[in-house]
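First the structure, in the form of structure tokens, and then the observations on it.
The numbers here are math on the coordinates, done by the rules we state, and not lab data. Since the model is a prediction, treat every value here as computed from it, not as a measurement. We place every Cβ from the backbone using ideal geometry, glycine too, and count neighbours over all the protein chains shown.
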Amino acid sequence: NSDVFAKDLLFATLDPTMRKIVLPGGQSVILSDTVGFISDLPTELVAAFRATLEEVLEADLIVHVRDIIHSDTEAQKKDVFEVLERLGVKTDDEAGYLEVLNKIDLLMADEKLIVLNNAERHENSIAISAVSGEGAEAFLALVEKKLTAKQKVISIDLPAADGATLSWIYRHGNVLDRSDQEDRVTIDVKLSDEDRGRLEKMLNITL
């Protein structure tokens, strides 16, 4: 139900669109929709694209949304990989890459079954329909699994009145368990090394 302009036109938009989404475990992440890629991108345009693709270079996870019904879908995938490599992005980093096979709602039943079966055999691939919402929950679960794979579980005890820190933990981590006492809260949470470092600075402690 997005109101973002979408049209089958070259350079319909050069501005990335960002949205906050909440993963099944409660962690909030920013989803950045970059410009579309084209084949045989001229060298002089790579620099311009680099500016619009800064989010890709800094992303914790690259989600490659493919038009699975397009007759040249495999060639399009190759084009995307070539542009990413020219931008300095490693395309063989399975931990930081997720392939989304979109538009399964437009496939015939037998074709859809083949795509679904192929996606199930690859842990870095998932089939969805952005229109019908089919596969959306599984997509979010897979995003969460990939983003939390390198996170470590820590246990932290906080004053119950420290709502700001509690809110920060829920936004940046995957809370596994919570125990509330009269004036204290104990939380088991999965955090990345970067966020754990930020939390240590916030609280002036070592976790």
The stretch 152-203, dipole about Cα centre (Lys/Arg Cβ +1, Asp/Glu Cβ -1), debye to the nearest 20: 240
Which net charge results when you count Lys and Arg as +1 and Asp and Glu as -1 among the other residues whose beta-carbon is under 12 Å from that of D157? -2
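Would you work out the Kirkwood radius for the stretch 112-186? I mean one over the mean of 1/r across all pairs of different Cα atoms, in Å. Don't jump to the answer; show the numbers that get you there.
Working: mean 1/r = 0.0653 Å⁻¹.
It works out to 15.3 Å.
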Pulled fully out, how much extra length does the chain show between D110 and T73, if you take 0.36 nm times their separation in residues and subtract their Cα-Cα distance? 11.5 nm
Along principal axes, largest first, the alpha-carbon spread of the stretch 152-203 in whole Å comes out as 31, 20, 15
Length-normalised contact order of the stretch 51-207 in % [C-alpha pairs under 8 Å, at least 6 apart]: 16
Which residues in the stretch 166-183 have a backbone N closer than 19 Å to a point placed 7 Å from the Cα of E58 along the Cα-to-Cβ line? 172-173
For the stretch 152-203, what does the relative contact order come out to in percent, with C-alpha contacts under 8 Å and a separation of six or more? 44
Could you rank the peptides 175-181, 24-30 by their average count of other C-beta atoms within 10 Å per residue, with the highest value first? 24-30, 175-181
With the cut-off at 18 Å, report for the stretch 65-207 the share of all Cα pairs above it, as a whole percent. 66
Multiplying the sequence separation of L207 and E120 by 0.36 nm and subtracting their Cα-Cα distance, what value in nm do you get? 27.6 nm
So, in nm, how far is label K150 from label R19 when the simple model puts each one 7 Å beyond its Cα toward the Cβ? 2.6
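At R0 = 30 Å, how high is the FRET efficiency between T186 and L31 if r is their beta carbon distance? Nearest 0.05 is fine.
0.45
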